[in-house]
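Inspection log for the structure reproduced underneath, given as structure tokens.
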Amino acid sequence: MKKGEFARFWAEREARTGLVNEHGSLNTKRFLALDSATYADGELSARTKELMGLVASLVLRCPECVAYHLKQCLDAGVTTPELVEAMDVALLVGGSIVIPHAREALETWLELQKK
């Protein structure tokens, strides 16, 4: 996420999610409900699951997913050292192609912490 774009991204995401909730099929709504339920506290904490989601998003190179999980990690109380360690896992799993996404993720993370 480019510097200064997160607020716009989040507003657009919320609006688009509203459209999906209004017009989506029952299957789509069920999938979204499963997504929410999966990231809730269970045997693994929601905090741990968000870090896992961030790692997967970095490896899959999905900027919107990375931004979403960064916000969720922030809300869950993840620290910068924990986030950086999770990003190390993404780098190891995904290889050097993850580096540009990790750079951008760290920049977004630091920006989010200022707010």
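Considering only the range 81-99, I want to know if a residue exists there that is hydrophobic (A, V, I, L, M, F, W, C), under 21 Å from W10 (Cα atoms), surrounded by fewer than 17 Cβ atoms within 10 Å (Cβ to Cβ) and free of Cβ contacts under 8 Å to residues at least 60 places away in the same chain.
No, because not a single residue in the range 81-99 is hydrophobic (A, V, I, L, M, F, W, C), under 21 Å from W10 (Cα atoms), surrounded by fewer than 17 Cβ atoms within 10 Å (Cβ to Cβ) and free of Cβ contacts under 8 Å to residues at least 60 places away in the same chain.
Okay, residues lined up against (1) at pLDDT below 95; (2) touching a His at 6+ places or on another chain (Cβ under 6 Å); (3) under 24 Å from G4 (Cβ atoms):
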{"residue": "S45", "(1), (2), (3)": "no, no, no"}
{"residue": "T48", "(1), (2), (3)": "no, no, no"}
{"residue": "L51", "(1), (2), (3)": "no, no, no"}
{"residue": "C65", "(1), (2), (3)": "no, no, yes"}
{"residue": "M87", "(1), (2), (3)": "no, no, yes"}
{"residue": "G95", "(1), (2), (3)": "no, no, no"}
{"residue": "A105", "(1), (2), (3)": "no, no, yes"}
{"residue": "L112", "(1), (2), (3)": "yes, no, yes"}
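Looking at W109, W10, which is the one that is assigned to a helix (DSSP H, G or I) and either at positive phi or touching a helix residue (DSSP H, G or I) at 6+ places or on another chain (Cβ under 6 Å) (or both)?
W109
The values are calculated or read from the model by the stated rules, or taken from the named source; none is laboratory data. None of these values were measured; they are calculated from a predicted model. Here the Cβ is made from the backbone with ideal geometry for all residues, glycine too, and neighbour counts use every protein chain on show.
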